[in-house]
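We did not get these values from a lab; they are worked out from the coordinates using the rules stated. On a predicted model such as this, the values are computed, not experimentally measured, just so you know. So basically every Cβ, Gly included, is an ideal-geometry build from the backbone, and we count neighbours across all protein chains shown.
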Amino acid sequence: MLGIPLVTLTLLRDPVARTISYLRHCKRYHENQHDLTLDEIYDDAFVNTLFIRNHQAKLFCLEPSDEPVTYMHVVDVDDARLAVAKANLARVDVIGITAEYDAFVGAMRDRFGWRFGTVAPWHVSDEPWPASDELKARIVADSSADIEFYEFARGLSSATTSSDESPSR
């Protein structure tokens, strides 16, 4: 859409781990959610719809015709949208998975000659706010498109992080 050559990269996270991390973020930083349980935050329709449900797939399936103003744009990630998300992800130059962060950074160094200093952890929680097995099961049940999208990304990340080729853009 910009009409200029770009290097594209993305770093994706396991949807259950991402959701639990986001719930902890809400509890830590949003005053109106400090006293809520993770389950209660998850049950908030506003939070769930805009920031949780199939969030990563949603970001990759948005199209210009959706006219999104922000990343909070609401779309239902059905099978057709999931196919768009996968096709868009397949065009990304470097795809990383947070569990393989060092390989992601290494791919950028190797492919593009980029150099990075040490990156300190930012917004990493250490609070003992456990997520119940029931909450984790609900997240899995509610995030089927995101889980499929993430598994697709994992397959692509092996190919994109080990490639020695320059981007084709």
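Of all residues in the range 89-122, count the ones that are in contact (Cβ under 8 Å) with a residue 60 or more places away in the chain, more than 30 Å from Leu38 (Cβ to Cβ) and of a type in the set (Gly, Ala, Ser).
The qualifying residues number 1.
In the range 1-50, how many residues are of a type in the set (Lys, Arg) and under 19 Å from the mean Cα position of the chain (by Cα)? Don't jump to the end; show me each part of the working.
Applying the first criterion (of a type in the set (Lys, Arg)) to the range 1-50 yields 13, 18, 24, 27-28.
If we keep only those that are under 19 Å from the mean Cα position of the chain (by Cα) too, we end up with 13, 18, 24.
The total comes to 3.
I'm trying to understand the selection: among the residues of the range 8-59, which are aliphatic (A, V, I, L, M) and in a helix (DSSP H, G or I)?
Result: Val16, Ala17, Ile20, Leu23, Leu38, Ile41, Ala45, Val47, Leu50, Ile52, Ala57, Leu59.
Applying the selection to the range 66-112, what residues are surrounded by 15 or more Cβ atoms within 10 Å (Cβ to Cβ), over 21 Å from Leu6 (Cβ atoms) and among the acidic types (Asp, Glu)?
Result: Glu100, single match.
Would you say Asp133 is surrounded by 10 or more Cβ atoms within 10 Å (Cβ to Cβ), within 18 Å of Thr19 (Cα to Cα) and free of Cβ contacts under 8 Å to residues at least 60 places away in the same chain? Walk me through it before giving the result.
On the way: surrounded by 10 or more Cβ atoms within 10 Å (Cβ to Cβ): no; within 18 Å of Thr19 (Cα to Cα): yes; free of Cβ contacts under 8 Å to residues at least 60 places away in the same chain: yes.
No.
From (1) part of a helix (DSSP H, G or I); (2) within 14 Å of Phe149 (Cβ to Cβ), pick out the condition that doesn't hold for Phe104.
The failed condition is (2).
Please work out if Leu62 is of a type in the set (A, V, I, L, M, F, W, C) and in contact (Cβ under 8 Å) with a residue 60 or more places away in the chain. Write out each step before concluding.
Details: of a type in the set (A, V, I, L, M, F, W, C): yes; in contact (Cβ under 8 Å) with a residue 60 or more places away in the chain: no.
No, not satisfied.
Could you look through the range 19-36, keep only residues that are touching a residue at least 40 places away in the same chain (Cβ under 8 Å) and surrounded by 15 or more Cβ atoms within 10 Å (Cβ to Cβ), and pick out the one that is nearest to Asp142 (Cα to Cα)?
Thr19
What residue, of Arg91, Arg109, Arg53, Arg81, is of a type in the set (Lys, Arg) and more than 19 Å from the chain's Cα centre (by Cα)?
Of Arg91, Arg109, Arg53, Arg81, the one residue that is of a type in the set (Lys, Arg) and more than 19 Å from the chain's Cα centre (by Cα) is Arg109.
Please work out if Ser125 is free of Cβ contacts under 8 Å to residues at least 40 places away in the same chain, at negative phi and either of a type outside the set (A, V, I, L, M) or assigned to a loop (DSSP other than H, G, I, E, B) (or both).
Answer is no for this residue.
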